[in-house]
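The next block holds one structure in the form of structure tokens; read it before the comments.
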Amino acid sequence: MDNDFPGGVWPVMLTPFTVDNRVDYEGLASLTEWYIGQGASGLFAVTQSSEMFFLDLEERVRIASFVKERAAGRIPVIASGHISQGMGEQAEEIRALAGTGVDAVILVTNRLAARDEPDEVWIGRMKELLQRIPADIRLGLYECPYPYKRLMSDRITEWCAESGRFYFLKDTSCDMDSIGSKISIAKGSNLKLYNANTTTLLPSLRGGAAGYSGVMANMQCRLYERLVREYEREDMDGLAEILSLCALIERQWYPANAKYYLQQEGLPIETVCRVQDAAALSETWKEEIRILRKLTHKLEKEYLKEETDG
């Protein structure tokens, strides 16, 4: 096994936009530094949280390149941007993103087969896609919920693990049976599983998951870093329970609410989104974000006390 990707927290990065709806690279620089300062082990750029379905190919490539250069070797950077339907277009996307120097290009599992098509169709198309791209491109997999969620079956997981081409799996099943099966199948291969779901995170870490790659790292990154790093400690059960309830805020106008949270942290970014109207973020939802931030800081004082004292 030659997977040198570190375990830990891999935030699914947001894309800041200016008030006139252009990518805000100054804001993206500040955001990249915030993630690194919060203890991220790696960065997942150009993903659904980045609003990748609303970015053209030039923007997707430039964002991936910018983040990779900004991280400057401090932590690895992976990117998806895999949104096209046709094999030719998908191969073009992958080659373009790989050309930015990112450490892996992450493929979206629902791009290879329609909802009602069987695993063998998916595998056949993946074989075709792999033939269209250079063999030295490191790849990963992402169970993206949009436009539909195609979870990795045991058959597909086994094929991908045996291929040796895949290094990163962002799991969105939110199901320990599914997670446990994938971890077991991938054991001894290059493929590592990173859980996107908070409720199943702690048991998945104790069962062999490599880390966390989910929405809440955009708000509570330091707490997730602590949980992932110290998952064997009994007192992490309490933190995991609190984080599971906090994560319900994902359902309230994300990603605008996460951008608002980061504004409260002092980051120079707008709440502007392409995927939704940020103006619909109500005052009540904003107040809930402010409450979440206060709670997060209290939890940091409690669970990071040893580091602060040290």
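Looking across Glu92, Glu26, Glu69, one residue alone is surrounded by fewer than 18 Cβ atoms within 10 Å (Cβ to Cβ), in a helix (DSSP H, G or I) and touching a residue at least 60 places away in the same chain (Cβ under 8 Å). It is Glu26. The residues in the stretch 2-23 that are crowded, with 20+ Cβ neighbours inside 10 Å and modelled with pLDDT under 95 can be counted, and the count is 1.
The helices (runs of 4 or more DSSP H) found wholly in the stretch 142-236 and carrying at least 2 residues that are under 16 Å from the mean Cα position of the chain (by Cα) and touching a residue at least 60 places away in the same chain (Cβ under 8 Å) occupy 221-229.
Answer yes or no as to whether Ile156 is β-branched (Val, Ile, Thr), surrounded by 14 or more Cβ atoms within 10 Å (Cβ to Cβ) and either touching a Pro at 6+ places or on another chain (Cβ under 7 Å) or under 20 Å from Ile78 (Cα atoms) (or both). Lay out the reasoning, then the answer.
Numbers: β-branched (Val, Ile, Thr): yes; surrounded by 14 or more Cβ atoms within 10 Å (Cβ to Cβ): yes; either touching a Pro at 6+ places or on another chain (Cβ under 7 Å) or under 20 Å from Ile78 (Cα atoms) (or both): no.
Taking the combined requirement at face value, the residue does not satisfy it.
Filter the stretch 49-66 down to the residues that are farther than 19 Å from Ile133 by Cα, buried (at least 21 other Cβ atoms within 10 Å of the Cβ) and under 14 Å from the mean Cα position of the chain (by Cα) and list them by number. Within the stretch 49-66, Ser49, Ser50, Met52 qualify. Of all residues in the stretch 157-185, those that are under 28 Å from Thr100 (Cα atoms) and not charged (D, E, K, R) total 11. Only residues that are hydrophobic (A, V, I, L, M, F, W, C), within 29 Å of Ala71 (Cα to Cα) and in a loop (DSSP other than H, G, I, E, B) were counted in the stretch 97-141, giving 4.
Quick one: is Ile83 among the β-branched types (Val, Ile, Thr), within 19 Å of Glu58 (Cα to Cα), in a loop (DSSP other than H, G, I, E, B) and touching a Phe, Trp or Tyr at 6+ places or on another chain (Cβ under 6 Å)?
Working: among the β-branched types (Val, Ile, Thr): yes; within 19 Å of Glu58 (Cα to Cα): yes; in a loop (DSSP other than H, G, I, E, B): yes; touching a Phe, Trp or Tyr at 6+ places or on another chain (Cβ under 6 Å): yes.
It is true that Ile83 is among the β-branched types (Val, Ile, Thr), within 19 Å of Glu58 (Cα to Cα), in a loop (DSSP other than H, G, I, E, B) and touching a Phe, Trp or Tyr at 6+ places or on another chain (Cβ under 6 Å).
Quick grid of which residues meet (1) polar (S, T, N, Q); (2) farther than 22 Å from Tyr146 by Cβ:
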residue: Leu227; (1), (2): no, yes
residue: Glu230; (1), (2): no, yes
residue: Leu239; (1), (2): no, yes
residue: Ala247; (1), (2): no, no
residue: Asn257; (1), (2): yes, no
residue: Arg274; (1), (2): no, no
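Of everything in the stretch 268-287 that is of a type outside the set (S, T, N, Q) and within 19 Å of Leu28 (Cβ to Cβ), the residue that is surrounded by the fewest Cβ atoms within 10 Å (Cβ to Cβ) is Pro268.
Of all residues in the stretch 260-310, those that are among the hydrophobic types (A, V, I, L, M, F, W, C) and not in a helix (DSSP H, G or I) total 7.
With the structure loaded, tell me whether Ile36 is in a loop (DSSP other than H, G, I, E, B), over 25 Å from Ala135 (Cβ atoms) and touching a residue at least 24 places away in the same chain (Cβ under 8 Å) or whether it fails that test.
On the way: in a loop (DSSP other than H, G, I, E, B): no; over 25 Å from Ala135 (Cβ atoms): yes; touching a residue at least 24 places away in the same chain (Cβ under 8 Å): yes.
Spelling it out, it is not the case that Ile36 is in a loop (DSSP other than H, G, I, E, B), over 25 Å from Ala135 (Cβ atoms) and touching a residue at least 24 places away in the same chain (Cβ under 8 Å).
Ile78: farther than 26 Å from Ser173 by Cα and under 17 Å from the mean Cα position of the chain (by Cα), yes or no? Criteria not met by Ile78.
Among the listed residues Ala114, Ala91, Ala71, Ala98, which satisfies the condition of being over 29 Å from Tyr260 (Cα atoms) and in contact with a strand residue (DSSP E or B) (Cβ under 8 Å, 6 or more places away or on another chain)?
Values: Ala114 fails: in contact with a strand residue (DSSP E or B) (Cβ under 8 Å, 6 or more places away or on another chain); Ala91 fails: in contact with a strand residue (DSSP E or B) (Cβ under 8 Å, 6 or more places away or on another chain); Ala71 fails: over 29 Å from Tyr260 (Cα atoms).
Unique residue meeting the criteria: Ala98.
Within the stretch 243-252, the residues that satisfy the criterion of being part of a helix (DSSP H, G or I) and either surrounded by fewer than 17 Cβ atoms within 10 Å (Cβ to Cβ) or of a type in the set (Phe, Trp, Tyr) (or both) are Ser244, Leu245, Leu248, Arg251.
The values are calculated or read from the model by the stated rules, or taken from the named source; none is laboratory data. Being a predicted model, the structure only gives us computed values, none of them experimental. Every residue, glycine as well, gets a Cβ built from its backbone with ideal geometry; the counts of neighbours run over all protein chains shown.
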